[in-house]
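Below is one structure, written out as structure tokens; the observations come after it.
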Amino acid sequence: MGAAHGGRGGFMSTPLARPEAEELLYREALLLDRREWDRWLDLYLSDAVFWMPAWRDETEPTADPDRELSLIYYRGRRHLEERVWRARSGLSVASTPSPRVVHSVTNVLVERSDGDDAEVAASFSVHQYDMRAERAHVFFGRYEYRLRHEAGDWRIATKKILLLNDVIPTLVDFYSV
């Protein structure tokens, strides 16, 4: 990947292309499916935001995670790391045993790319099997990412998950959306 003068540290990366965006989103999905959570965390910047807003009404999601209800909200990778630790430790009763999941990511579109910063949209469905309840469920919706190019790689600065089927009959957590 080439670089142009400008941006952080005097160099600006080449704008993000769709194949690179797809590779990152597909890799994130596979790491979640395989429960390779340390490698998944490495995709996130230290100041990353991971947010799944609630629905204000039938047509409008909440807009401010600091003032309105969210289904999931982690500000900073360290909060994601803490959640991963709880899920792994067995201390999270809701996550033991972890459900089986498979993520499908589609319709990946780079909506904006300005050298070191990009906005990417995608659609998703996650099939989840809860062994305790012997029940399968599908979560589906849209992703909105803000990616930043740092230290030679594109990484996740923000992941917003718009869950379209917000009636949740089973556990929903970072690995199931």
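The values are calculated or read from the model by the stated rules, or taken from the named source; none is laboratory data. Keep in mind the model is a prediction, meaning the values are calculated, not measured. Glycine also receives a Cβ, built like all others from the backbone with ideal geometry; neighbour counts cover every protein chain displayed. Remember, those area values only see protein heavy atoms, side chains included, never the ligands or the DNA or RNA. Shrake-Rupley method; radii C 1.70, N 1.55, O 1.52, S 1.80 Å.
Taking region 96-116 as the range and being hydrophobic (A, V, I, L, M, F, W, C) and in contact with a His (Cβ under 9 Å, 6 or more places away or on another chain) as the test, the residues that pass are Val101, Val102.
Considering region 53-77, and only residues there that are open to solvent by less than 100 Å² (accessible area, probe 1.4 Å) and part of a strand (DSSP E or B), the residue that is nearest to Arg39 (Cα to Cα) turns out to be Tyr74. Evaluating Leu164 against the criteria (1) farther than 25 Å from Asp42 by Cβ; (2) modelled with pLDDT under 95 leaves one unmet condition, (2).
Taking residues in region 105-129 that are without any contact (Cβ under 8 Å) to a residue 12 or more places away in the chain, and partners anywhere that are crowded, with 19+ Cβ neighbours inside 10 Å and assigned to a strand (DSSP E or B), the pairs with Cβ atoms closer than 7 Å and at least 6 places apart or on different chains are Glu111/Val120; Arg112/Ala118. Report, by residue number, each residue of region 107-156 that is of a type in the set (Asp, Glu) and in a strand (DSSP E or B). Across region 107-156, the qualifying residues are Glu111, Asp114, Asp117, Glu119, Asp130, Glu144, Glu150, Asp153. Taken over region 60-86, the criterion of being of a type in the set (Asp, Glu), touching a residue at least 12 places away in the same chain (Cβ under 8 Å) and over 19 Å from Ser46 (Cβ atoms) is satisfied by Glu68 alone. Residues that are in contact (Cβ under 8 Å) with a residue 60 or more places away in the chain and of a type in the set (Val, Ile, Thr) were ranked within region 136-167; the one that is most open to solvent (accessible area, probe 1.4 Å) is Thr158. Taken as a whole, the structure leaves Arg83 outside the set of residues that are modelled with pLDDT of 95 or more and part of a helix (DSSP H, G or I). If you go through region 109-135 and keep only what is open to solvent by 30 Å² or more (accessible area, probe 1.4 Å), of a type in the set (A, V, I, L, M) and either under 21 Å from Met52 (Cα atoms) or in contact with a Phe, Trp or Tyr (Cβ under 6 Å, 6 or more places away or on another chain) (or both), you end up with Leu109, Val110. Scanning region 157-177 for residues that are in a loop (DSSP other than H, G, I, E, B) and more than 17 Å from Tyr26 (Cβ to Cβ) yields Leu164, Asn165, Asp166, Val167, Ile168, Pro169, Thr170, Leu171, Val172, Asp173. Criterion applied to Ala157, Ala133 was being small (Gly, Ala, Ser) and touching a strand residue (DSSP E or B) at 6+ places or on another chain (Cβ under 6 Å), and the one residue passing it is Ala157.
Among the residues of region 39-52, those identified as under 13 Å from the mean Cα position of the chain (by Cα) and not in a helix (DSSP H, G or I) are Asp42, Leu43, Tyr44, Leu45, Ala48, Val49, Phe50, Trp51, Met52.
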